[in-house]
Structure formats: structure tokens, C-alpha cells
1. Tell me, for the protein assembly as shown, which Cys residues have no other cysteine's C-beta sitting closer than 4.7 Å.
2. In deg cm²/dmol and to the nearest 500, what is the mean residue ellipticity at 222 nm of chain A if only DSSP H runs of at least 4 residues count, each as -39500 (n - 2.57), divided by the residue total?
3. What are the equivalent ellipsoid semi-axes of the range A:134-224, built from the alpha-carbon gyration tensor (square roots of five times its eigenvalues), in whole angstrom, biggest first?
4. Using the Cα centre of chain A as origin and beta-carbon charges of +1 (Lys, Arg) and -1 (Asp, Glu), tell me which of A:Leu57, A:Ala142, A:Pro227 is placed farthest towards the positive end of the dipole.
5. Could you work out the relative contact order of chain A? I mean the mean sequence separation of Cα pairs under 8 Å and 6+ apart, divided by the number of residues, in percent.
6. Provide the FRET efficiency to the nearest 0.05 for the B:Ala80-B:Val118 pair, computing r from the beta carbons and using R0 = 41 Å.
7. Using the Kirkwood formula over every pair of different C-alpha atoms, what hydrodynamic radius in Å results for chain A?
8. What is the magnitude of the charge dipole of the range B:141-190 about its Cα centre, with +1 placed on the Cβ of each Lys and Arg, -1 on the Cβ of each Asp and Glu, and no other charges, expressed in debye to the nearest 20?
Amino acid sequence: MKWFTAWRRRPWAGYAVVLAALAIIGVVYAGASPGADRAQASDTKVSAQDVAKGKALFDQTCSSCHGANAQGTRTAPSLIGVGAASVDFQVSTGRMPAMNPGAQIPRKKRILNDEQTRQLAAYIASLGGGPPVPAADQVDPAHGDSALGGKLFRANCAQCHNFAGSGGALTGGKYAPPLDKATPTQIYEAMITGPQAMPVFNDTTVTPEQKRAIIAYVTQTRSEVNPGGSGLGRIGPVAEGLAGWLVGIGLMVIAAMWLTARKPKKKHND
Amino acid sequence: MTDNNETSGATPEDEGRVPKRVIGTPSPVGTQELLPGDEPEQGGTGYVLDEKKARRAERVAAAFFTLSFVAGIAFIVFYAVWPGHVGNINRAARSNYTLGTAMTLILLGLAVGLTIWVRHLVTTKEIVQERHSISSTPEDRAVFNQYLQEGSRESGLGQRRLLRRTLLLAAAPLGLLPLVLLRDLGPLPEKKLRHTAWKNGTRLVVDGTGQPLKASDFNSPGSIITVVPEGAEDNLDEIATGAVLLLNLPVDQLKVKKGRENWHVGGIIAYSKICTHVGCPAALFEQTTHHILCPCHQSTFDALDSAKVLFGPAARPLPQLPIGVDSQGYLIATSDFHEPVGPSFWERGRPKV
């Protein structure tokens, strides 16, 4: 440890410690946000062949948890009546088929492709109806009133998903996911089906027109610029204040150390 | 009355040890002296400069002053030629960057240049000013004491008890006057905290759109929506107390409290959205557990069991709004809340059981 003690006594050791602390804080803050993967809903024409193929897929990938007839088991809920929208949401976000049961099934790289998703949805829809996959125009953010959407989002969604859709924590390991990767179709499907801990917003309570407004708000918020520089995860004044205090005061401490450190000067009689 | 002006104890040098150095401060060894007071008097400048090093420091400081000048010109150019900040909120980011960076460089260049100047080029000798004792001299104290006793004797304060006591009596109410001012913190809020805009027959309308809800519209299990009293959709004062969380719960799992049998409509149930702890919007609803969470301090309420507190600092359940259905099938309140909504206040009293 001798080298460390020697290093510690160097004049620049203090600056190095402060800089290292700031760097660590910075790295912790740097949140990576990879680009959105697109998963568009396929058209809704259903044939008997699709249902048969969907049944085969179901037997293969889903029946071990959801039961041979989708009636549900102790580990997984019944799928009768959940509808094509629910299947499309769960499968296109990669949540289903699930890897392992836990507090919450996370979004991941999707396992079944568009065609297989459509067939599986056709099979589940044939069991007991339920909400269908919305049409492309129904979820087009360009036709939504984002001001109204913002109002509804702040009253009913922001408490869990944050005002900018950054997500947030719930109880017992559950969480409201960030909305940055959700496609317009997936946002609609989530509202109408209420996946996992999320409550349901049916079409008679929040109309399809209002849902489109909410989709417009969520997608527009993503492209909003951050006039102050970094959005700091857009989680609000706590993060902003923390960064201001740590970085700002850190720089002040360094400046104060430099100003007050005494510079050796040669004396006259030396 | 002894004055001890000598510094007590031994100096570190006497004890033969050097105090521990704090990280970031310069080493005590070498050419520098922290206390030049015990040096031989020289008069005039205390230090001479190494001319080579001084010239280098001068150039560095000058470079920073030049940087400050260039940044100052850049600020004017950015402002006048390439503003970006006028009329478009999205372009304000650009002007924040350009003007902010320029202003930072102006001030930083000046500050760094001046600091280098002071640290490397100034040759003023350091002087030490001795601190003198804070207490008065014994003579001054004795004179003061004498004056005080003479004054007491001459005015008769010591002998004339009646005068002394009535004087104190006169001063006593003066000391109590600030307490009277506390009265002006009122008036008390009267009934305002106990009542909301809800009354029998008020329809529940969706917050944000103002559309009334039929029980048959709000029919999906696991639904939630924020509703406000009809007629107060745009009245923020009323919404601040009257915001309600409407839930659709499985009616067979509902634990209905005695006396509240008619407060829900087939599992559709309404709770105040305002947390009973400090008044945040408690609106995080988990469909799977039927828990309502408050985002501020994690108070957790059981929606199935009259919003009983399961966890967290909230002291009381969320107040429940009795609801029913009118002749056209719309959801209505059947009365106001039966207890004050929101956080506790002084004269709230105990909750009715």
C-alpha cells in the first residue's frame, strides 16, 4: 500500500478524487436508450387455416403454462376471451412466450414472427372473441389530438408511466415499463387489454378517438427536444436537482481547491 | 478576575510532530512557509520571481484573457447573426448552447487568467496580523461595575420596591403582545375542508373530456378512470378536493363495510384520489393485486377492502364516495364524501367508525 500512500500525497490527488467521483456519477446517469424496434400489426383477415396453424403453435409454445385448451393453470391465466389484441401485444413485444415466471414478464426480443403472431391471435380469438387488433388508421398518431391526449395521459397514465412515458416502479418487483419502444398499435392494445398489472381502459370509457389522441401525445413526446441539454431520463426535478448539485458544486469545490492551494514561491534570500 | 491572554498548551513544533496534511493542500516540506512571521525582516518585496517561469505564466494568463475576448465577440455575433431564440421554442436549445457557452468562456477566461496572475506573478509579501484579546481590561470592568452600582443607588431602584414591581408589571403585557398576533393567522377554514362539489345526483364525468359515464360503459373488469363532479370539470379548486378514482373490481371479492352496501354499483367503486397522508394523487392501480399506490411516499391501499391502508405513512383509508345510477343509466354520486378528503388538519377530529 506504500505506492497508494505516496500517490495520495501528490498535489493533484485531491483533484483526481473529485474528478473520479464526478465521472462515476456521470456514468451512473448515462441511460442508454436503443432505437425502437418496429412491430406492425398484420391485417386481420382470418381463415380456418390460420386458426389451425395457430392451434399448432399454441400447443407447441404456450400450452405448457396456459393449459391444453387455453383454460389457464396455476401459473398462467386463462386466455379465453382475451382477444387477438392481447395476443398481438404480448407476442409482438416479446413478452410471450415467457422465459421464466417472475414478478413481471419483461419486454424482450420477439420469438414469433408477424405471421405466427397473426395465426396465434386467430386461434385465441376463435376461442372466445375479445378485442381485435386495431386497424392502422385507428392508431395513426398523425390523426390524433395530442393536446387532448396529454390531458388524458396526465390524468390516467402518468402516475405509473411518468409524464414523459419514462416508466416507474410499482410494488413487489413490478414496474410500469417505459413507453419509448412501444409502437402505436401496442399502446392501443395495452390500453384495451390491460396487460399484467396495468388496468383496462375500454372503448366506452376512453373512446378510440381519445386513445388515438393519447398515442399522438406519447409518440410526440419522444421527439420533443430538451432545451436545457440533457433530459436526464425525463424523470423530473429530482434528477435535475441532483445533477445540478453534484456536478455544479463539484466544479465549485475543484475551483475553490485550486484558488486556495498555496503556490510555493522563492524567497529573496534563497 | 484573572485574564489569561497567553496561548495555553504547546505548539505542534514543541511536541515534535507535524499536523496531518489534508488531501489537496500543499505539502509542508519544501520551499514554502506557512508563517512568514518568524522570517528576518526584509522590507520591500518578499519574493523574487524566476523570470523564465514568470514569462510563461504571463503568456498563459494572456492566452486566457484573449480567449475571454474572443468569446465576448462570439457572444455578440451569435446573438445578432444566428439567434435561433426568437419565436421558436424548439430552436431555443441552440441559443442556449451558443450564448451559454460563449458567456461561460468569457467569465471562465477572466477568472482563470486572474487566478494565474495572482498565483504566479504577484510578489507581495505576506503579513500576519496578531489577534488581540476580546475581553475588556480589568480597569474598564471595575469602572463599569462602579457606575452600575452608583446608578442603582441614586435612582432608588434598590430601595423603592413598589416602583420596581409596578415597572415590571407594566412590562409584562408588552412581552405577551406577539402571542396576540398569532390570532391573525386565521380565520379558520370553516367547512371548506369538509365538503366537496359532490352531492346527491352529481354525475361522474371523465377528467379531461367531461363526458358522463354509464355503468354499462365502464363494464370491463380491472378498469380505472379519473372522474370529477359534473359542472366542476374546469374548476381547479373543486377538482383539487373532488377528484375521484373510479374502479371496476370483481364484485365477489369485494369486502363491503357495514353501512356501505349501497355505495358501489356491481363492483364499480369510487375512492378519493387524494392521499390521506399529504395529499398527493394516489392513483397507481395494480389490476392484479387491486392495490392503490401513492407515488410520493408509497402508501398502499387495498381497493377491495374499503381502501384500507396496507403499507406506508397514510393514517386513514381513502374516503369512499357513495355512488349509484340515475334513471338514464349514468353513474352519479348519492351524497358527498362522509368524511373530509385529503390529509389531516388540526380540527379534523377522529374519523367516524
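Just so it is clear, none of the values below were taken in a lab; they were calculated from the coordinates. Owing to the predicted nature of the structure, the values given are computational and were not obtained by experimental measurement. Every residue, glycine as well, gets a Cβ built from its backbone with ideal geometry; the counts of neighbours run over all protein chains shown.
1. A:Cys62, A:Cys65, A:Cys157, A:Cys160
2. Numbers: 12 runs with 127 residues, N = 270.
When only DSSP H runs of four or more count, the value is -14000 deg cm²/dmol.
3. Details: eigenvalues 77, 42, 27 Å².
They are 20, 15, 12 Å, listed from largest to smallest.
4. Working it through, the farthest residue towards the positive pole turns out to be A:Pro227.
5. Numbers: 339 pairs, mean separation 52.3, N = 270.
It comes to 19 percent, rounded to a whole number.
6. Details: r = 35 Å, r/R0 = 0.84.
The formula returns an efficiency of 0.75 here.
7. Values: mean 1/r = 0.0452 Å⁻¹.
In chain A this quantity evaluates to 22.1 Å.
8. On the way: 7 positive and 4 negative charges, 82 e Å.
Dipole about the Cα centre, nearest 20: 400 debye.
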